[in-house]
4 protein chains.
Amino acid sequence: MARYDFASDNVAGAMPEVMEALARFNDGPAAGYGADEVSTRASDLIRGLLDADAEVRFVASGTAGNALTLAALAAPHEAILAHEASHVATDETGAPGFFGSGVGIVSLPGAAGRIDLAALTGALDRPDEPHWQFPTALTLTNATEFGAVYPQTDLEALAGAAKAKGLKVHLDGARLANAVAHGFDPKSLARMGVDILVLGGAKAGSTPTEAVVLFDQGVRRRFGARLKHGGQLVSKARFMAAPWIGMLESGAWAERARHANAMARQLAAAMPFKVVHPVEANGVFVEMDEATLERLRAAGWFVYRFIDGTVRFMCSWATTPEAVEAITETLRAIA
Amino acid sequence: MARYDFASDNVAGAMPEVMEALARFNDGPAAGYGADEVSTRASDLIRGLLDADAEVRFVASGTAGNALTLAALAAPHEAILAHEASHVATDETGAPGFFGSGVGIVSLPGAAGRIDLAALTGALDRPDEPHWQFPTALTLTNATEFGAVYPQTDLEALAGAAKAKGLKVHLDGARLANAVAHGFDPKSLARMGVDILVLGGAKAGSTPTEAVVLFDQGVRRRFGARLKHGGQLVSKARFMAAPWIGMLESGAWAERARHANAMARQLAAAMPFKVVHPVEANGVFVEMDEATLERLRAAGWFVYRFIDGTVRFMCSWATTPEAVEAITETLRAIA
Amino acid sequence: MARYDFASDNVAGAMPEVMEALARFNDGPAAGYGADEVSTRASDLIRGLLDADAEVRFVASGTAGNALTLAALAAPHEAILAHEASHVATDETGAPGFFGSGVGIVSLPGAAGRIDLAALTGALDRPDEPHWQFPTALTLTNATEFGAVYPQTDLEALAGAAKAKGLKVHLDGARLANAVAHGFDPKSLARMGVDILVLGGAKAGSTPTEAVVLFDQGVRRRFGARLKHGGQLVSKARFMAAPWIGMLESGAWAERARHANAMARQLAAAMPFKVVHPVEANGVFVEMDEATLERLRAAGWFVYRFIDGTVRFMCSWATTPEAVEAITETLRAIA
Amino acid sequence: MARYDFASDNVAGAMPEVMEALARFNDGPAAGYGADEVSTRASDLIRGLLDADAEVRFVASGTAGNALTLAALAAPHEAILAHEASHVATDETGAPGFFGSGVGIVSLPGAAGRIDLAALTGALDRPDEPHWQFPTALTLTNATEFGAVYPQTDLEALAGAAKAKGLKVHLDGARLANAVAHGFDPKSLARMGVDILVLGGAKAGSTPTEAVVLFDQGVRRRFGARLKHGGQLVSKARFMAAPWIGMLESGAWAERARHANAMARQLAAAMPFKVVHPVEANGVFVEMDEATLERLRAAGWFVYRFIDGTVRFMCSWATTPEAVEAITETLRAIA
């Protein structure tokens, strides 16, 4: 039986604070579709975390959150600028194109999953003509797919360049908790002009829920109908909202992300393979040939070879120092 | 503060058996996206309930389940036959059209939400020509939107007429538990040729989860990719599967639906307004003028005027005899 | 061999002025995709006809023109208000839903294809909530599908009611020439706030071309890309534009529509069956039982039973008084 | 006033044989939407050219033809394999994604626009899992975007590799006439298992019309409805069909493509810049720095810098030896 501990940060169960909140808000009838008090309270907590006015909605997956909101930012004959290794570009089975009815994705390069500013400005300077899908939005990911965290000023520069050209800015925050644990200020997002944030719940340690945060007034228009139409308006909405109360009221959202990041650093420090990307969040990416990876899997640890060819180890709220030690021992044995 | 007890069967929380199962399967890492043992076990239980081979997947809402699967049964330039009051036709904000890229819905009449056989055969006999969207699938709902249950032979006749013309058959089973509690045999569905069932979890008493049951081999092709592409492939899939183990292993799924139906009968028996549809499941639909409805709401009970003009009272696993008595008292006072 | 003369106004070939213009502008190279001088000249003529600033584009079918432009006026989770017998609602095989990615159509009643003002205001007053697709645009058809023409003030009242609620207004002008021949002022459209007009070429007597006229500034955004993305940006655009020069410079567009309308009046005057709708444009709609229709077809005249159950006779620029007399004779024989 | 002679093969008008046929078939009424005799006769000629049973339809643009048919070969959660420089991948503003509701395009490399067989088999061997869009069809282009023509055996090898894995095969034949003029046998397509061909009319010298040729029985299902739904079913279909009668009955389709190819060879022979791709069809692609291109344009000749960085010169049926000499003279002056 393979151990999946480091295969992804979504292999973990839910943190105790989430399970407690689910139970706490289970009693009695509640209005459906987000009109309940649990949803309001969770939304208030998220607005507080981000220090911003926003409409907050909860969806069951990050892919849905990203695809639905990107579709609100670009018409089908337009495009989204995204890092070439971003989740929306590589790991959502074309969901943005489906929700966006064929909306384009224009890929941009950049080290460790961070978009290169010069590549962005190059794309923004390309002429707008009818034979290609001109971008009208930029999506950023923080922390990135490769476990790096944008310095605040870098993210501001990218968002600023896009806004200056009239584009909207979207942030995939599936691992924003890990970025915040590294020092990123969540209150900076609204201030720098991010229009929509998809705030990760599952990877932060919740049962399935992601928060869609609409800063921009325009995209709020009939967003409830957009959710329903897109198959993302859950009737018993309290169960998508309660985990956020559990995570945010207790401080566990930030605290447990700090733990996950620390586990990644512990693993990186002991890693007998070359670590490729900065270890700033909860992932460690290493160079490992196929034979070695096979030995690791044969020894009972399932991990993925990632899109850039590295082998990826992800930590989560549930990763224990003992598990890190156990896999480290195996890694040393096969190195 | 309005009481929502009878506003819908989705205003209830989750039954204890569901909450227990969520907690039971929370520990330790698990493979994501449905490749975990909890998902397999829940799928096995559902296959057992239906006595059929099938691929089983879990999604977060019935609208998503219906829309995704209808899109698998008809091309965009084709159509779905549906009751004119069905959820897919009236209450999903066009989601079938969105997932089906403009797939048509051809509405059929019939008393109490049950499609009239003659209307179906009439539609099937309409010539197939390029200026309209010819139907390639039939969707049925059991129990219906109006609280009626199809007699087994009636459902077989409708499915048979559709299959004879080469159409696929889809069943919206958001309230199949209530139909089963009324005597409908869930094992009959596969035998009568239903191709896809969307089996309701939320209205049966779960946290958000609906089971998509694919009997037909053809529609299983890359259904995982279809789910992901449609924003419905949840990473921590165990939390969508565990409730089914809680409901089905214990027998609570059937037992609690019997309770809900019994509560509806109790309410109907005491109802001082004309009951319009057969009370065979968990809803009671009555004639009530607007002024009376306003008095009921002013007395603290929120209920909906439904699409057919009746006022709807829904019971659930959580409805108590005391609540029925309480609202009955108010109803008598305002009658 | 059946005669199709009265089956539709699209069974006719192209008028001489169109064929002459196609030949006239065929010589030499020309820039593609609408950047040529023929396209500019045709657009100028249309702007002159309508006395308005507008972006003008040419597409190959009215269905494409309607579907593409309606998609520019409503998001997928919103809807279009349309007459229940309108072409977009009944005769485009779901094309608006396809181009609009599931955009809804809300049908409105009204005699002779003209939307009833009270029905419109009723729909506009319906609450905007997330479980249905709220309308954001109104589409009108002039002349209507039933050969009636809106009095100017009626059309203004409908457009005004929609604009007052923030909706956009679209006009299907497949037979605007016939409405103008009846006295409707084409210069009134922009003044009354119509945002998009699809101006009919084929039914007016051209080879395949329809003019998409964008009065509204907002919808012009990247409309070229929208056309290309929607498969409607033709490379050799001059051949879609030249017919308009042929029709408009010569005055044939209006003159030949007057002829078509006159032929319809001649036919109606001699018609031995009950004429159902006002004969204000180029169609005559009569009550005729199935046996009689069969006799007419057996006598060699193919005409359609229309969506309202009447039998439809359409005249065009190519209809001759002799053909009207010939069919009249047959009609009298079978009556 | 810039000369567009070599900017594209779509800047030319229509050949005399096309104009003659348009006039020839203009008289009298004809059934609409392709049910007319002109459409049947043109279809027969195309079936004869290809020596195959097929359903033939006519659409107004190649982008529409490609996008509509690719959507018939892959579900939205699946993908199409295409050359990275193919028209569908680079020059259709995302139309395949729009008609295919987010269908993916997986790009493959290969010299001169011809897909590399090893790259194809590599893509076919990639595991089929739910997190990416697995390909179910291959699209080929002959002649390629870079003026090369596939040797028959190479095309057979590619089609065969795809068919062996159960994929469907699509051919973009916008310039098939030029490939045939180079020696490619059009009768080989059906024999090698191509399922759908989009046969180019515009670039061959017609007014706007492309022939969609459906060899595969399965994709013919309700293709008329698919056309209408996709905005591509033209009422006066005779005008889309007649050009094919003009081109094919006379032999002008092949003869004029031979002329275009000969003009390209004449230009290449005299070209003072490095010719990059094989000159096997009607295009010449050369290395030219930006300053030189500017001088060429300043001298009155508008040509495009193409997606691979070369400067492209296209010849057509209308290109004269005198024009080739004239541009050659300028090219020598600026070299």
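From the list D:Ala281, D:Ala298, D:Ala318, the one residue that fits, being free of Cβ contacts under 8 Å to residues at least 40 places away in the same chain and among the small types (Gly, Ala, Ser), is D:Ala298. Taken over the range D:319-335, the criterion of being surrounded by fewer than 22 Cβ atoms within 10 Å (Cβ to Cβ) and outside any helix (DSSP H, G or I) is satisfied by D:Thr320, D:Ala335.
Restricted to helices (runs of 4 or more DSSP H) entirely inside the range D:50-125, those with at least 3 residues that are away from chain C (no Cβ under 14 Å) are D:117-125.
If you scan the range B:219-240, which residues turn out to be in a helix (DSSP H, G or I) and either at positive phi or more than 11 Å from chain A (Cβ to nearest Cβ) (or both)? Scanning the range B:219-240 gives B:Val219, B:Arg220, B:Phe223. What residue, of C:Leu140, C:Leu176, C:Leu117, is out of contact with any Lys or Arg (no Cβ under 9 Å at 6 or more places or on another chain) and surrounded by 24 or more Cβ atoms within 10 Å (Cβ to Cβ)? Going through C:Leu140, C:Leu176, C:Leu117 in turn, the sole match is C:Leu176.
Here B:Gly34 meets each of (1) at pLDDT 95 or above; (2) outside any helix (DSSP H, G or I) with one exception, condition (1). In the range A:219-235, the residue that is nearest to B:Ala12 (Cα to Cα) out of those that are touching a residue at least 12 places away in the same chain (Cβ under 8 Å) and surrounded by fewer than 24 Cβ atoms within 10 Å (Cβ to Cβ) is A:Ser235. Of all residues in the range C:261-296, exactly one satisfies the criterion of being among the β-branched types (Val, Ile, Thr) and assigned to a helix (DSSP H, G or I), namely C:Thr292. Residues in the range A:1-23 that are touching a strand residue (DSSP E or B) at 6+ places or on another chain (Cβ under 6 Å) and assigned to a loop (DSSP other than H, G, I, E, B) were compared, and the one that is nearest to the other protein chains (Cβ to nearest Cβ) is A:Ser8. Condition check for A:Arg258 on (1) surrounded by fewer than 20 Cβ atoms within 10 Å (Cβ to Cβ); (2) of a type outside the set (A, V, I, L, M); (3) in a loop (DSSP other than H, G, I, E, B): one failure, at (3).
Determine, yes or no, whether A:Ala211 is away from chain B (no Cβ under 14 Å), at pLDDT 95 or above and within 15 Å of the chain's Cα centre (by Cα). Here the answer is yes, as A:Ala211 does meet what is asked. Screening A:Tyr304 on (1) surrounded by 17 or more Cβ atoms within 10 Å (Cβ to Cβ); (2) within 14 Å of chain B (Cβ to nearest Cβ); (3) farther than 30 Å from A:Asp44 by Cβ shows it passes everything except condition (1). Scanning the range C:55-72 for residues that are surrounded by fewer than 24 Cβ atoms within 10 Å (Cβ to Cβ) and hydrophobic (A, V, I, L, M, F, W, C) turns up just one, C:Val56. Every condition in (1) crowded, with 21+ Cβ neighbours inside 10 Å; (2) among the hydroxyl-bearing types (Ser, Thr, Tyr); (3) out of contact with any Gly (no Cβ under 7 Å at 6 or more places or on another chain) holds for C:Thr209 except the one numbered (3). In this structure, C:Val149 does not qualify as surrounded by fewer than 24 Cβ atoms within 10 Å (Cβ to Cβ) and either of a type in the set (A, V, I, L, M, F, W, C) or within 14 Å of chain A (Cβ to nearest Cβ) (or both). Just so you know, in the range B:1-34 the residues that are without any contact (Cβ under 8 Å) to a residue 24 or more places away in the chain and among the small types (Gly, Ala, Ser) include one that is nearest to B:Ala242 (Cα to Cα), and it is B:Ala23. Could you tell me whether D:Ala42 is assigned to a helix (DSSP H, G or I), at the interface with chain C (Cβ under 7 Å from one of its Cβ atoms), closer than 24 Å to C:Ala202 by Cβ and of a type outside the set (Val, Ile, Thr)? In short, no.
Yes/no per residue for (1) within 27 Å of B:Lys168 (Cα to Cα); (2) more than 8 Å from every other protein chain (Cβ to nearest Cβ):
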residue: B:Leu197; (1), (2): yes, yes
residue: B:Thr207; (1), (2): no, no
residue: B:Gln217; (1), (2): yes, yes
residue: B:Ala242; (1), (2): no, yes
residue: B:Ile245; (1), (2): no, yes
residue: B:Glu249; (1), (2): no, yes
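The values are calculated or read from the model by the stated rules, or taken from the named source; none is laboratory data. Keep in mind the model is a prediction, meaning the values are calculated, not measured. Ideal geometry is used to build each Cβ from the backbone, glycine not excepted, and the neighbour counts take in all protein chains shown.
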